[in-house]
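First comes the structure, then the notes that go with it.
The values are calculated or read from the model by the stated rules, or taken from the named source; none is laboratory data. Remember, predicted model here, so these are calculated numbers, not experimental data. Neighbour counts are summed over all protein chains in view; Cβ atoms, including those assigned to glycine, are modelled from backbone coordinates with ideal geometry. Only protein heavy atoms, including side chains, enter the accessible area calculation; ligands, DNA and RNA are left aside. Shrake-Rupley method; radii C 1.70, N 1.55, O 1.52, S 1.80 Å.
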Amino acid sequence: MIPEIVECEEFTELAVRLGSLMEDGELKIDERIASKGYLMATMSGGQIVFRTTRFVGTIPVTPKLSVKVTPRASIANLSYMLVRSGVIPTAVNGFTRGYMPRFVAADNVEKIYGRSLVDGAKLIAKRGFMKSYVRNPNTPPWRGRFLASETVRRHASKGVRYRHEFDHSILSPTVIENISLKEALKQVRTWYLANDKKNAIVKEINTLLHDLWTVADWESPRADLVSQLARKVRGIPPQLSHYRDPLWSAFLILQSMLPEVVFDGYVKLDSLIIDVSAVFEAFIRRELADRLAPYGYKVEDGTKKPCDLFVEGSVYSVHPDIVIRKDDEVVTLLDAKYKTDPKEQDRYEVLSFMDAMNVSIGGFVCPANGVDTSRFLGSTAAGKKMFGLRYDLAAKDPNAEADRFSANVIKMIEGNYDFF
């Protein structure tokens, strides 16, 4: 039975008839949803009122009803943020639905993610493509690594003297990660040849494909490749962290082809729920880290390196989202708030961060709301200066918006309040 899907935006309320949540006379809401806080539920006027929070995606409420929460940011920008942030969406196991593709509104997906894919593949090519032992499909006789125990078990113990077993595994770059990169690069090249064949990226892709000539082409259905890549991209080990961004890009690019390889135009995947707040925080930190490094700044995740709140002991600690250092000295800190209007408690929290880390400059990073702009909020009696910076999640050019925001952060550090 196909469940009813009700659509609404994040941070809004949705009233649902009580009868639609009843099963055999009992009120039943999916325990996985209730325990995770994906939706907040209250009773009002004989109806259940759900309030959506920072999570977006298709959220199963009952076997008969699901809530599709759409983000305020454009789907294309949200998916770009996912690539850059590295935050893994939560899969609700056992609840599947059709995607065509997952990010339907991401038109010209090759153009959106092509540059990210190519830049990441260049870094991989520079460091060397990963390899793994794979079975040789054309096993030569009497070659390979001799398997003594297997030979005894299968042949010698049965009196067969002239038959032996060999391991024909070879170290090869033909692994799912490299195959995915190659197939995605070919798809991006095809798009540019059809739409912008004079673009310099075509030459870059040809060079990368030449580097990948030892990687076999994918001959099976594209959906199988995406399925295998989906499992790989969620568990990239630290030593292969340079594969993370390009594999996310390849994952999104390859998904755009799924409607062409399955009969009904859909592929069944676990329902994905995205914590946009976590994506926003990690995305801002990553953009700042890349853009502030040439100026001598180092951007850190303060949640991984907490600081003691009191000098007398370590019972309480503070965990700012973004800590910026220069010459090993903390020069500013920022707290990413996925809300248009920070509350009074949020201001107190940032001031406690600044006091604990002995920093005089700090503030918030919030999504643009169409009214406020990045600005200086004021100074405390102790000389602490607080700022409110805005990031436009609906920007048509994500790279230009990241450049603008990073320039404002540098201005904040340098005491220049003439923000862009």
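Once both labels are modelled 7 Å past Cα along the beta-carbon direction, what's the MET130-LYS68 spacing in nm?
Once both label points are built, they end up 3.4 nm from each other.
Using the per-residue mean of other Cβ atoms lying within 10 Å as a proxy for protection, in what order, highest first, do the peptides 226-237, 112-123 fall?
Going from most to least packed, we get 112-123, 226-237.
Just to check I understand the Karplus step: with θ = phi - 60° and J = 6.51 cos²θ - 1.76 cosθ + 1.60, what whole-Hz values come out for region 44-54, glycine and proline as x?
8, x, x, 10, 8, 9, 8, 10, 6, 10, 7
With every protein chain kept in place and ligands, DNA and RNA left out, what is the accessible area per residue of region 288-396? Probe 1.4 Å, answer in Å².
In whole numbers, region 288-396 has 54 Å² accessible per residue.
Using 7 Å Cα-to-Cβ label points, what is the ASN416/TYR348 separation (nm, one decimal)?
According to this spin-label approximation, the distance is 3.6 nm.
Taking the mean number of other Cβ atoms within 10 Å as a proxy for protection, how do you rank 356-368, 399-411, 300-312 from highest to lowest?
Packing order, densest peptide first, comes out as 356-368, 399-411, 300-312.
Give the shape of region 174-263 as rounded, prolate or oblate, defined through the alpha-carbon gyration tensor: a ≥ b ≥ c are the square roots of its eigenvalues, a/c under 1.5 means rounded, and otherwise the shape is prolate if a/b is larger than b/c and oblate if not.
Oblate shape, in that a/c is at least 1.5 and b/c is the bigger or equal ratio.
From the protein chains alone at 1.4 Å, what is the descending order of accessible area for THR380, THR58, largest first?
THR380, THR58
When only the heavy atoms of the protein chains count and the probe is 1.4 Å, how do TRP213, TRP218 rank by accessible area, highest first?
TRP213, TRP218
Report the accessible area of HIS319, computed with a 1.4 Å probe over the heavy atoms of all protein chains in place, in Å² rounded to the nearest 10.
Estimated to the nearest 10 Å², HIS319 gives 80 Å².
Considering only protein heavy atoms, with the full assembly of protein chains and a 1.4 angstrom probe, order VAL279, VAL6 by accessible area, largest first.
Largest accessible area first, the list is VAL6, VAL279.
May I ask you to list the residues of region 207-227 whose amide nitrogen lies under 18 Å from a point 7 Å from Cα along the Cα→beta-carbon direction of ALA194?
Within reach of a label on ALA194, which here means backbone N under 18 Å from a point 7 Å along Cα→Cβ, region 207-227 contributes 222-223.
Which value, in debye to the nearest 20, describes the size of the charge dipole of region 343-420 about its Cα centre when Lys and Arg Cβ atoms bear +1, Asp and Glu Cβ atoms bear -1, and nothing else is charged?
The dipole of region 343-420 has a size of about 140 debye.
Taking a 24 Å limit on the Cα-Cα distance, which of the listed pairs LYS298/LYS396; LYS111/LYS339; LYS305/LYS337; LYS343/LYS385; LYS68/LYS304; LYS64/LYS337 fall beyond it?
Correct reply: LYS298/LYS396; LYS111/LYS339; LYS68/LYS304; LYS64/LYS337.
Can you list residues whose amide H is under 5 Å from VAL6's amide H, if they're 5+ apart or on another chain and H is modeled 1.01 Å from N?
SER66, VAL67, LYS68
THR332's amide H: which non-local residues (gap 5+, or another chain) put their own amide H closer than 5 Å, with H modeled 1.01 Å from N in plane and none for Pro or chain starts?
The list, which skips near neighbours in sequence, is ILE324.
With label points built 7 Å along Cα→Cβ from the Cα atoms of VAL315 and SER379, find their separation and express it in nm.
3.5
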